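First comes the structure, then the notes that go with it.
The values are calculated or read from the model by the stated rules, or taken from the named source; none is laboratory data. All values reported here derive from a predicted model rather than from experimental measurement. Heads up, the Cβs are rebuilt from the backbone with ideal geometry, glycines too, and the neighbour counts pull from every protein chain shown. The protein model used for the area step is the full one, side chains on, heavy atoms only, and it has no ligands, DNA or RNA in it. Shrake-Rupley method; radii C 1.70, N 1.55, O 1.52, S 1.80 Å.
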Amino acid sequence: MEKSCWSINDLSDFSVAGLKQKIHELTRTTPNYKFVWNNWLPRKVGILAWRIELERIPVMTLLAKRNIDVGLISCPACGDMDETVEHLFMSCGVAQLVWQAVSSWCKIPSILALNIHDLLDGYKLTNFPKRKVKMFHAICLGSTWCLWNTRNDKVFNGKPIMVESIVGEIKTLGYLWMKHRSGGTSLLWEDWYRFDV
Ligand SMILES: [Zn+2]
């Protein structure tokens, strides 16, 4: 596997954003990356996460690259940066607050995602029992679903983006999905709410 390092010549240009971009470029195309599906989620949720990994969702910068006139290409959530897949799901302040809330809810160290694989594979770093690991994996994929839908609601319906609403939806939808799909019909909301599953 090709090794890479931050060239000393680049130090004058060093910035965290630059480093993240560099890492992103280096890790983005991983031909052997194996996407892990989760059958406790509706198929459409898995398909969205799979498309995010492939950067095949219509964020503003990708639409603009295809010469589709989208007007502003800035992030609909914060307006501070161009909307890329990396920004929308990882570095945007909204996304970071969502991942912080998910980490806190699931009682794990903060999720620090440098690329989409860190999010999709974050479950591998937990030491949860098998069933709980699969639920956590479902939560991470489900979180991308909720972030994307919230973003679309803003873009197409002008609905304001609120972190608390996104986190609430992750918990509520996650509960319904797990209750009906994981064979855990006895799953109680109180336990789910504490992630004591
Ligand atoms: Zn943003």
Report, in cubic angstrom per residue, the convex hull volume of the C-alpha atoms of region 129-178.
62
Could you give the length gained on full extension between SER74 and ARG51, defined as 0.36 nm per residue of separation minus the Cα-Cα distance, in nm?
6.2 nm
Residue-normalised value, i.e. accessible area per residue, for region 36-193 at 1.4 Å probe, in Å², stands at 51
Quick query: amide H of SER74 versus all other amide H atoms, modeled in the peptide plane; which residues come in under 5 Å with a sequence gap of 5 or more or a different chain?
GLU83
HN-Hα couplings for region 53-68 via Karplus (6.51, -1.76, 1.60; θ = phi - 60°), in whole Hz with x for Gly/Pro, come out as 4, 8, 6, 10, 10, x, 6, 4, 5, 6, 5, 4, 4, 8, 6, 8
What FRET efficiency comes out for HIS117 versus TRP189 if R0 is 41 angstrom and r is the Cβ-Cβ distance? Round to the nearest 0.05.
0.85
Whole-percent carbon and sulfur share, accessible surface of region 36-193, 1.4 Å:
56
To the nearest whole percent, what portion of all C-alpha pairs in region 36-193 is separated by more than 29 angstrom?
16
Would you kindly find the accessible area of ASP153, with a 1.4 Å probe and non-protein molecules such as ligands, DNA and RNA excluded, rounding to the nearest 10 Å²?
50
